[in-house]
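Participant: One structure, pasted below without further comment.
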Amino acid sequence: MRFLKMIIGGVLLPLVVAVGWTLLDLSRLLWVGREWGQPWFWALGGGFAGWLLIWLLLPRPLWVYVLGHELTHALAVYLHGGKVHQFKVTSAGGHIVSDKSNWFIALAPYFIPLYSALWFGLWWSVNFYHPLGAYAPILYAGLGLTWGFHLTFTVSMIGDGQSDLSGQGVFFSLVLIVLINLLLIETGLVAVMERATFAQFWHFLRGHALEAYAVTGHWIATGIVWGWRHLIEISSRLIHHHRVG
């Protein structure tokens, strides 16, 4: 199973490159369309920058991260129809014990920004009864802050080494984590940008994916031909050496 996941990770790797190119395309649209002048941009960026200042200058709220991390594991278990038998959270770490286990349950905290989802859910719930359109920058500032929280802690925890990743295969896990985080970021950008549509997003992604897989296929084919030629050359030398000897 570990070898199969490594193969899957390799198959998905060109898609990660394509998604990265797509983010550059969206960034270009953002710049050309002067989206950076919109209130949502400054609110989102301000929230993210505010979190970075907290991350760099103040004690890091590790317990809050661990709580969200283990809650995401637990929610993923319930999503798969499982049961959580033990739930532990401390500032030094945490864990859950459940009757279900798969790659989604193990890796969910690394690509699901739980606090961003909770903040958006709270905003949507209040807005349903009391329209908050005039205060939209507060929504985006909160999303920037909570997403910054998610990204910084995710990178930090991966750097420290996590059994969640090693249990699924580090390469496979990293490919999925990067891929899904990029897709979520891009989906969020398209949702708020005036100059971008989901049709454009799909067009960019599809084009880059086809190109990435075509280039990868070419490299693989070239490598196979090169290896085959060298194998024949080495075999010929060995046969010639055997005959001379």
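Just so it is clear, none of the values below were taken in a lab; they were calculated from the coordinates. The shown structure was predicted, so the numbers you read here are calculated from the model rather than taken from an experiment. All Cβ positions, even for glycine, are placed from backbone atoms using ideal geometry, and neighbour counts span all protein chains on display.
Participant: Running a GNM on the chain with Cα contacts under 10 Å, which residue among Pro61, Pro109, Pro14 ends up with the highest mean-square fluctuation?
Facilitator: Result for the chain, Cα springs under 10 Å: Pro61 fluctuates most.
Participant: Please list, short to long, the whole-number percent of alpha-carbon pairs of the chain in consecutive 5 angstrom bins beginning at zero.
Facilitator: With 5 Å bins starting at 0, P(r) equals 1, 6, 10, 13, 14, 14, 13, 10, 6, 4, 3, 2, 2, 2, 1, 0, 0, 0, 0.
Participant: Karplus couplings for the stretch 155-169 from phi (6.51 cos²θ - 1.76 cosθ + 1.60, θ = phi - 60°), rounded to Hz, Gly and Pro as x?
Facilitator: Using θ = phi - 60°, the values come out as 4, 4, 5, 5, x, 7, x, 10, 5, 4, 6, 5, x, 9, x Hz.
Participant: Still on this structure, I have one more. When the chain is modelled as a GNM with alpha-carbon springs shorter than 10 Å, which of Ala196, Ala134, Ala74 fluctuates the most?
Facilitator: Comparing Ala196, Ala134, Ala74 in the GNM, the peak value goes to Ala134.
Participant: Separation between the Ile224 and Val126 pseudo-spin-labels, each 7 Å from Cα along Cα→Cβ, expressed in nm?
Facilitator: Label at Ile224, label at Val126, 5.8 nm between them.
Participant: While we're on this one: With springs only between Cα atoms under 10 Å apart, run a GNM on the chain and tell me which of Arg195, Arg60, Arg229 wobbles the most.
Facilitator: Of the options given, Arg229 has the highest mean-square fluctuation.
Participant: What percent does the relative contact order of the chain come to when contacts are Cα pairs within less than 8 Å and at least six residues apart? Mind dumping the intermediate values first?
Facilitator: Values: 232 pairs, mean separation 80.9, N = 245.
33 percent.
Participant: State, to one decimal in nm, how far the label point of Trp202 lies from the label point of Ala134, with both points 7 Å from Cα in the Cβ direction.
Facilitator: Label-label distance for Trp202 and Ala134, simple model: 3.8 nm.
Participant: Right, another one. Could you tell me how far the Cα centroid of the stretch 96-119 sits from the Cα centroid of the stretch 9-48, in Å?
Facilitator: 24
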